[in-house]
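In what follows, a single structure is set out as structure tokens and then discussed.
The values are calculated or read from the model by the stated rules, or taken from the named source; none is laboratory data. All values reported here derive from a predicted model rather than from experimental measurement. A quick note on method: Cβ atoms are made from the backbone with ideal geometry, for glycine too, and the neighbour counts reach across all protein chains shown. Accessible surface is based on the protein model in full, side chains and every heavy atom, while ligands, DNA and RNA are left aside. Shrake-Rupley method; radii C 1.70, N 1.55, O 1.52, S 1.80 Å.
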Amino acid sequence: MPTKALANDLMVRLSGPLSHLGIRLGNRHGDRDDVRHRSHPPQILLTTPESLDVLLFNHEQSIRSVNAIVVDEVHILNNTQRGLHLSILLRRLQEQSLNPIQVVALSATLANLENTKRFLFGPDTAVDLILVPGQRTIDAKILDTRDPRSFVKLIQKLMEHPTKLLVFADSRQQCETLAGLLQSEPLPCTVYTHYSSLSPEVRSHVEHDFASSAFAVCIATSTLELGIDIGDIDAVVLWGAPNSVESLLQRIGRGNRRMQKSSVVACISEPPLIPEALK
């Protein structure tokens, strides 16, 4: 797992089904360590690259019996320092394991599988590249929201009927500013915020409450781009442009997952940057 939040979310979703099969599931990251239960060690371990590094450094005995590793949401790690770190860790893991290790990397938003393969495994490693085609219609609207009142009016309009709305911003400050605007106006629903500097307990509370609600607004940074279960989202609002195409696809993909259409409103909150040569 690239993040603790994803590992925690999968822990909740997989614990029940795997326990019925008699498979022990564990979690290992900065807030939790199930590896230390020596009498009943987990057979499947959810962890992060950083925690895997600690396990390898400590020559954890359970590492020696690893048969397979799954790298979920690999696009987050592609062409990054953390991804390079993971690439080195995978080689160290193979050196410490007594078994040949099968590695599976997954993502819903990678455009060039060959580039990811070369970055993560090297140019000479034999890798099967599997691309599953998929397509959903995007029902998109672009709205000028440089006047903050227009953003409030948009949300009020969208929430005239029970709606579950996910708003993406690019910083904690933007999240709090937008939440403050909405909380100062009469809205018939709860407004949540979600970003990395909130405590794990608060984030978990927001995820649980928002997932169980059918009438709410959550304003989040990239922390909710990934596959954390927050239920079915009726529409996604983008406050400004994401910093990459992968991020854009992840954000749009969070909405209307049970339908063949994604409803998206893109809010233009700043004037476009025009090169001097074109002015």
Problem set entry | Unmet requirement for A214, which otherwise passes all of (1) under 17 Å from the mean Cα position of the chain (by Cα); (2) modelled with pLDDT of 85 or more | (1)
For this session: Specify the residue that is least open to solvent (accessible area, probe 1.4 Å); the eligible residues are those in the stretch 172-217 that are part of a loop (DSSP other than H, G, I, E, B) and touching a Phe, Trp or Tyr at 6+ places or on another chain (Cβ under 8 Å).
Result: C189
Exercise. Going by the structure shown, is G255 surrounded by 16 or more Cβ atoms within 10 Å (Cβ to Cβ) and touching a residue at least 40 places away in the same chain (Cβ under 8 Å)?
Worked result: yes
Problem set entry | Top-ranked residue of the stretch 142-154 - restricted to ones that are in contact with a helix residue (DSSP H, G or I) (Cβ under 8 Å, 6 or more places away or on another chain) and either part of a helix (DSSP H, G or I) or among the charged types (D, E, K, R) (or both), ranked as nearest to A241 (Cα to Cα) | D144
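Out of the stretch 158-167, which residues are open to solvent by less than 60 Å² (accessible area, probe 1.4 Å) and more than 13 Å from V191 (Cα to Cα)?
Selection gives L158 alone.
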Exercise. What do you reckon, is S62 polar (S, T, N, Q), at pLDDT below 90, under 23 Å from L25 (Cα atoms) and part of a helix (DSSP H, G or I)?
Worked result: yes
Exercise. Could we say that V167 is within 25 Å of Q43 (Cα to Cα) and part of a strand (DSSP E or B) here?
Worked result: no
Exercise. Of the residues that sit in the stretch 6-64 and are under 16 Å from S97 (Cα atoms) and polar (S, T, N, Q), which one is most open to solvent (accessible area, probe 1.4 Å)?
Worked result: Q61
Exercise. Residues of the stretch 217-256 being of a type in the set (A, V, I, L, M) and modelled with pLDDT under 85, which ones?
Worked result: L226, I228, I230, A241, V245, L248, L249, I252
For this session: Report whether or not T125 is more than 30 Å from A211 (Cα to Cα), modelled with pLDDT under 90 and surrounded by 10 or more Cβ atoms within 10 Å (Cβ to Cβ).
Result: yes
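A quick yes/no check of all residues on (1) assigned to a loop (DSSP other than H, G, I, E, B); (2) loosely packed, with under 14 Cβ neighbours inside 10 Å; (3) of a type outside the set (K, R); (4) out of contact with any helix residue (DSSP H, G or I) (no Cβ under 7 Å at 6 or more places or on another chain):
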residue: G83; (1), (2), (3), (4): no, no, yes, no
residue: E95; (1), (2), (3), (4): no, yes, yes, yes
residue: G134; (1), (2), (3), (4): yes, yes, yes, yes
residue: A140; (1), (2), (3), (4): no, yes, yes, yes
residue: Q156; (1), (2), (3), (4): no, no, yes, yes
For this session: Please tell me if K153 is modelled with pLDDT of 85 or more and over 22 Å from the mean Cα position of the chain (by Cα).
Result: yes
Exercise. For the subset of the stretch 65-81 comprising residues that are touching a Ser or Thr at 6+ places or on another chain (Cβ under 6 Å) and aliphatic (A, V, I, L, M), which member is most open to solvent (accessible area, probe 1.4 Å)?
Worked result: V66
